[in-house]
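The values are calculated or read from the model by the stated rules, or taken from the named source; none is laboratory data. Treat the numbers as computed from the prediction; the structure is a model and nothing was measured. Backbone-built Cβ (ideal geometry, glycine too); neighbour counts: all protein chains shown. Remember, those area values only see protein heavy atoms, side chains included, never the ligands or the DNA or RNA. Shrake-Rupley method; radii C 1.70, N 1.55, O 1.52, S 1.80 Å.
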Amino acid sequence: MTGERERVNGTGRGPTAVLLSPRPAVVAAARRVGARTVVVAPGPPVPSDREGAERRVPADWRDHHRLVGAVGRLEAVRRGHARVFGFDPAASLAAARANEALGLPGTPAAAVTALMDKAALRARSNALHAARPVSFVRCGRAALLPFLAGLIGFPCVVKPRAGALGEGVRLLAGPAGAATAVRDYPEVTDLLVEEYLEGPELAVEAVSRGGRHRILGWTRRIPGPGTATTATGYDLPVALAAGTAEAVRALVRGVLDLAGHRDGPSHTEVVLTPHGPRLVEAHAYPGAEELVQLLRLAHGTDVLALALAAGLGLPDPVHHLRTAHAGLRYVDFPPGTRIERAHRGPAAARAVPGVVRVRLEVPPGATVRRAPTGSLHHAHVLATAPTALSLTRALDRAAALRGRAGPLTPDSLGIHVPPPPWRDGPHPT
């Protein structure tokens, strides 16, 4: 396999993945596909072997001219045997702009920005189901929220037009909530008010090569009690009727085509409404690290390696098929909670059979300052198990040891999809 990767590039050496402030998991994935790795990150120089990269370039990649200047001096870039990658909202756009400036392949920056513009993306995606489009309206002044929300109808959702990671998303249940929400946003703003999409929600991972979109899999979002804007976790596998599964794939591919996304990873959120799948939002980068790891634990699908291989023109990594259940549970603490430096909770949670990772985002000794918002949580637990029941037990036990007691959600054992119009039996991803 290594020889085949080398012949693809005609150099006797693998191509170079230029990674913008990557997580260690991204560097490891690049090495798995046989790529050479260069990390570009701001700040003082750090030994490259700390992240497993072969070279580190200290540069603030948020400055386009500095990024292009620093990366353009690399031999692999001058020879066209490299590509710049960014796997978060800011880095994905910076990488696309750098690839265009340096004459390297990749999805155009216009496609990345098209996926970031929630209003334009909603208008385009509505063309995919013109008979039952999603109602929405833009809002430029916070004071207009009660009026515009009334036009859309309650419940409805308000979100920043170019937001990310669930920040600033509000569910408005009625006129009182809309009036209160006015204070949550600047007076002059750029918001999207749209109808609330009711139904199970999926997070879909895909990778594209030359405009052909391959759906890698999906996870089920478990909503928090009484809210549609914060999740308590994710589960998979997710069994859908064959017709529903194909409709999800068609929606994701259609949205990516409309945005002009041609190469690299994407993360799309979809709700299974009674009228069929509907788009929530889409991005030109993979889902959060924990969602990507869930697909690898349950199905053996290496999302990061597949994305890097596609971008560098390399063969897909070997797929080690798995058929297991995997899940994620978020653990959050009330504002004002002090995270003790010495506490047996994390160690006890990690010792639960099936638990793969327990991660705390709040530094030990610190005090929790804010409630969880969107996809930003205080801690999470990842686990895998042979059955859905044993997975739920492991996650519930580990989450309780980490800091949250009691059952998670009433539907944590399975996904409930309305029977019509999907009656052709279960169909796993």
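Taking amide H as placed 1.01 Å from N in the peptide plane, His325 has its amide H under 5 Å from the amide H of Ala385, Thr387, each at least 5 places away in sequence or on another chain.
Cut-off 10 angstrom, C-alpha nodes, Gaussian network model of the chain. Which of Pro175, Pro89, Pro265 fluctuates the most? Among Pro175, Pro89, Pro265, the largest mean-square fluctuation in the Gaussian network model of the chain belongs to Pro175.
Classify region 195-342 from the C-alpha gyration tensor, please: rounded if a/c falls under 1.5, else prolate or oblate depending on whether a/b exceeds b/c. Since a/c reaches 1.5 but b/c is at least a/b, the shape of region 195-342 is classed as oblate. Along region 268-275 the Karplus relation, 6.51 cos²θ - 1.76 cosθ + 1.60 evaluated at θ = phi - 60°, assigns HN-Hα couplings of 10, 9, 10, 10, 8, 7, x, 9 Hz to successive residues, with x for each Gly and Pro. Evaluated at q = 0.09, 0.20 Å⁻¹, a Debye calculation over the C-alpha positions of region 156-271 (equal weights, vacuum) places log10 I(q)/I(0) at -0.31, -1.17. Accessible area per residue for region 99-161, computed on protein heavy atoms with a 1.4 Å probe, is 44 Å². In order along region 243-257, the phi-based Karplus estimate (6.51 cos²θ - 1.76 cosθ + 1.60, θ = phi - 60°) of 3J(HN,Hα) comes to x, 5, 4, 5, 5, 5, 4, 5, 5, 4, 5, x, 5, 5, 5 Hz; Gly and Pro are listed as x. Shape of the chain from the C-alpha gyration tensor: rounded (a/c under 1.5, with a ≥ b ≥ c the square roots of its eigenvalues). Rounded to the nearest 5, what % of DSSP beta bridges with both residues in the chain are antiparallel? The answer is about 80 percent antiparallel. Rolling a 1.4 Å probe across all protein chains gives Val137 an accessible area of roughly 40 Å². As a length-normalised measure over Cα pairs under 8 Å and 6 or more apart, the relative contact order of the chain settles at 14 percent.
Across region 211-224, rounded Karplus estimates of 3J(HN,Hα) from the backbone phi angles (6.51 cos²θ - 1.76 cosθ + 1.60, θ = phi - 60°) give x, 9, 9, 9, 7, 8, x, 9, 10, 9, 7, 9, x, x Hz, Gly and Pro being marked x. Only one residue of His64, Leu328, Ala119 has its Cα farthest out toward the positive end of the dipole of the chain, where Lys and Arg carry +1 and Asp and Glu -1 on Cβ, and that residue is His64. Between amide H atoms placed 1.01 Å from N, distances below 5 Å from Gly217 occur with Glu205, all of them 5 or more places distant or on a separate chain. Were the residues from Leu321 through Arg55 laid out at 0.36 nm apart, the gain over their Cα-Cα distance would be 92.5 nm. Using just its DSSP H runs of length 4 or more, each adding -39500 (n - 2.57), the chain gives a mean residue ellipticity at 222 nm of -9000 deg cm²/dmol after division by all residues. Shown for the chain: the carbon plus sulfur share of the solvent-accessible area, taken with all protein chains present and a 1.4 angstrom probe, equals 55%. Relative contact order of region 133-266: what whole-number percent is it, with Cα pairs under 8 angstrom and at least 6 residues apart? Once normalised by length, the contact order is 23 percent.
Peptides 119-130, 248-259, ordered by how many other C-beta atoms sit within 10 Å of their residues on average, highest first, read 248-259, 119-130. Residues whose amide H falls under 5 Å from that of Asp190, counting only those 5 or more places apart or on a different chain, are Arg161, with hydrogens built in the peptide plane. For the chain, modelled as a Gaussian network with Cα springs under 10 Å, which listed residue fluctuates most, Ala309, Ala203, Ala288? Of Ala309, Ala203, Ala288, the most mobile in the Gaussian network model is Ala288. Taking the average, over residues, of other Cβ atoms within 10 Å as the packing measure, peptides 383-394, 179-190 rank 383-394, 179-190 from highest down.
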